[in-house]
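The values are calculated or read from the model by the stated rules, or taken from the named source; none is laboratory data. Worth saying up front: this structure is predicted, and the values here are computed from it rather than measured. In this analysis, Cβ positions are derived from the backbone assuming ideal geometry, glycine residues included, and neighbour counts consider all displayed protein chains. When the accessible area is computed, the model is the full protein with side chains, heavy atoms only, and any ligands, DNA or RNA have been set aside. Shrake-Rupley method; radii C 1.70, N 1.55, O 1.52, S 1.80 Å.
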Amino acid sequence: VHVSGRAEGGRAPEGEFSIPGGALISSGHCWASLAEDGTARIGLDDFAGKLLGRVDTIQLPDVGKTVKAGDRLFSVGQNHRQAHFLAPLSGKVVKVNTALREDPESRENLSYGQNWVCVVEGEDLDAELPDLKIGKSAVAFFQEEIDRFKAFLQKARGGAEVEPTSLCIGAFQDLDDAQWEAAAKEFFGR
């Protein structure tokens, strides 16, 4: 896990997770990037993007929708399964990235940069920003989540040792439906 110097991010090599400098990371694996006017682009972080792998569909929020931090903001689908992602910040959705819904190729790398999901006009940034992680604390959070995911996989596999390759792109795709749903709730639903 490392912080990249580029604010736009870009996919780190397989086996590595990146966090762009300045990106704020939520406990539910969304990132937020603040603009000077108090709006924030929001999308999936590299942990979620890599472990999910292929995303077949994305359900964008409605423009004008008001959300509180912790409310369901958007969902991604893989086959018949869906993972729901929660708003890292409260506010009004003022823009959505329709390219993600219309162009399957744009969903190949949902982490950071131009692959933001929506823009939220923040309404309580002073109170909510301390709940997000940045820089070294974001890296430490990713390390903890990697360890938690390894433990989740080990339990799901009946105690079998987890190989490092299990954390490769698309690790969720190898889970059965019940495991997939449990993992989505455990890692993205908070």
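Observations on the structure shown:
- Count of the stretch 39-75 residues, restricted to those that are open to solvent by less than 10 Å² (accessible area, probe 1.4 Å), farther than 28 Å from Ala127 by Cβ and in a strand (DSSP E or B), is 0.
- Residue check for Asp126: assigned to a helix (DSSP H, G or I), more than 16 Å from Cys30 (Cα to Cα) and either among the acidic types (Asp, Glu) or in contact with a Leu (Cβ under 6 Å, 6 or more places away or on another chain) (or both): yes
- Any hit, the stretch 99-120, residues being part of a helix (DSSP H, G or I), farther than 20 Å from Ile58 by Cβ and free of Cβ contacts under 8 Å to residues at least 12 places away in the same chain: no
- Residues of the stretch 100-131 classified as charged (D, E, K, R) and open to solvent by less than 80 Å² (accessible area, probe 1.4 Å), total: 4
- Residue in the stretch 82-98 that is open to solvent by less than 70 Å² (accessible area, probe 1.4 Å), out of contact with any Lys or Arg (no Cβ under 8 Å at 6 or more places or on another chain), under 23 Å from Cys168 (Cα atoms) and at pLDDT 95 or above present: yes
- Selected residue (criterion: most open to solvent (accessible area, probe 1.4 Å)) from residues of the stretch 132-190 that are assigned to a loop (DSSP other than H, G, I, E, B) and of a type in the set (D, E, K, R): Glu161
- Of all residues in the stretch 14-26, those satisfying the criterion of being open to solvent by less than 50 Å² (accessible area, probe 1.4 Å), touching a helix residue (DSSP H, G or I) at 6+ places or on another chain (Cβ under 8 Å) and part of a loop (DSSP other than H, G, I, E, B) are Phe17, Ala23, Ser26.
- The set of residues from the stretch 27-38 being part of a loop (DSSP other than H, G, I, E, B), open to solvent by 10 Å² or more (accessible area, probe 1.4 Å) and in contact with a helix residue (DSSP H, G or I) (Cβ under 9 Å, 6 or more places away or on another chain) comprises Ser27, Gly38.
- Summed over the stretch 161-186, the residues that are at pLDDT below 80 and either more than 21 Å from the chain's Cα centre (by Cα) or under 17 Å from Asp56 (Cβ atoms) (or both) give a count of 3.
- On the stretch given as the stretch 147-186, residues that are of a type in the set (D, E, K, R), touching a residue at least 12 places away in the same chain (Cβ under 8 Å) and either touching a helix residue (DSSP H, G or I) at 6+ places or on another chain (Cβ under 8 Å) or closer than 20 Å to Cys30 by Cβ (or both) total 4.
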